[in-house]
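A.B. asks: I am attaching a structure below and will ask some questions about it afterwards.
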Amino acid sequence: RRYSVGATAVGSYIRLLADIQRISLTDVTASAKVQLQYLGRLEKGLIKVPNAAALRKMTEKVNGSWEDVGRLLVEDDANAKMGRQAALEWAVGRQLITDAQREVFLHASDEALRDAAARLRNKGRQQN
């Protein structure tokens, strides 16, 4: 049963910012003292009332904007794509990615995004 469309957007926002910055999702969820599955359930809209403290901690861990998260939560028609768009705008503004990279991310499928993020994480591990 799906509860929160806004939570879906926030989950996508947090995940994409983590992926862009090569922050593991385990680290993101651990920072909020929640299980890894919490983020997945958030993205699927399965959490009736998201924990504000956990959302704030995860947002801080990925260097995101609490204002973006709040806006996505109250937006009537917020969805995963809107969450990704907000994350990409934030990332461009912080010079984490270029405008050209934002366009690639915007038009990529969820599967392609996961594959690209995995490649980035693996590349980061190889460099360390």
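A.B. asks: Please go through the range 39-51 and give me each residue that is surrounded by fewer than 20 Cβ atoms within 10 Å (Cβ to Cβ) and part of a helix (DSSP H, G or I), ordered by number.
C.D. replies: 40, 41
A.B. asks: Residues to consider are 28, 34; find the one that is in contact with a helix residue (DSSP H, G or I) (Cβ under 8 Å, 6 or more places away or on another chain), of a type outside the set (Lys, Arg), part of a loop (DSSP other than H, G, I, E, B) and free of Cβ contacts under 8 Å to residues at least 40 places away in the same chain. Give the derivation first.
C.D. replies: Details: 28 fails: part of a loop (DSSP other than H, G, I, E, B).
Exactly one of 28, 34 is in contact with a helix residue (DSSP H, G or I) (Cβ under 8 Å, 6 or more places away or on another chain), of a type outside the set (Lys, Arg), part of a loop (DSSP other than H, G, I, E, B) and free of Cβ contacts under 8 Å to residues at least 40 places away in the same chain, namely 34.
A.B. asks: When only residues in the range 52-93 that are among the polar types (S, T, N, Q) and under 12 Å from residue 11 (Cα atoms) count, which is surrounded by the fewest Cβ atoms within 10 Å (Cβ to Cβ)?
C.D. replies: So the residue we want is 79.
A.B. asks: Mind checking whether some residue in the range 64-77 is under 14 Å from the mean Cα position of the chain (by Cα), at pLDDT 90 or above, in a loop (DSSP other than H, G, I, E, B) and closer than 21 Å to residue 23 by Cβ?
C.D. replies: yes
A.B. asks: Here's another thing I want to ask about it. Name the single residue that is surrounded by the fewest Cβ atoms within 10 Å (Cβ to Cβ) among those in the range 1-22 being touching a Ser or Thr at 6+ places or on another chain (Cβ under 9 Å) and modelled with pLDDT of 90 or more.
C.D. replies: Across the range 1-22, the extreme among qualifying residues is 18.
A.B. asks: Here is a further query. Of the numbered conditions (1) touching an Asp or Glu at 6+ places or on another chain (Cβ under 6 Å); (2) open to solvent by 70 Å² or more (accessible area, probe 1.4 Å), residue 35 satisfies every one except a single condition; which is it?
C.D. replies: If we test residue 35 against (1) touching an Asp or Glu at 6+ places or on another chain (Cβ under 6 Å); (2) open to solvent by 70 Å² or more (accessible area, probe 1.4 Å), just (1) comes out false.
A.B. asks: Being over 21 Å from residue 106 (Cβ atoms), touching a residue at least 24 places away in the same chain (Cβ under 8 Å), aliphatic (A, V, I, L, M) and touching a Leu at 6+ places or on another chain (Cβ under 9 Å) narrows it down to one residue among 16, 39; which is it?
C.D. replies: Of the residues listed, the single one that is over 21 Å from residue 106 (Cβ atoms), touching a residue at least 24 places away in the same chain (Cβ under 8 Å), aliphatic (A, V, I, L, M) and touching a Leu at 6+ places or on another chain (Cβ under 9 Å) is 39.
The values are calculated or read from the model by the stated rules, or taken from the named source; none is laboratory data. Computed from a prediction, not measured in an experiment: that's the story for all the values here. Positions of Cβ are generated from backbone atoms using ideal geometry, with glycine treated the same way; all protein chains shown enter the neighbour counts. Side chains included, ligands, DNA and RNA excluded: accessible areas come from the protein's heavy atoms. Shrake-Rupley method; radii C 1.70, N 1.55, O 1.52, S 1.80 Å.
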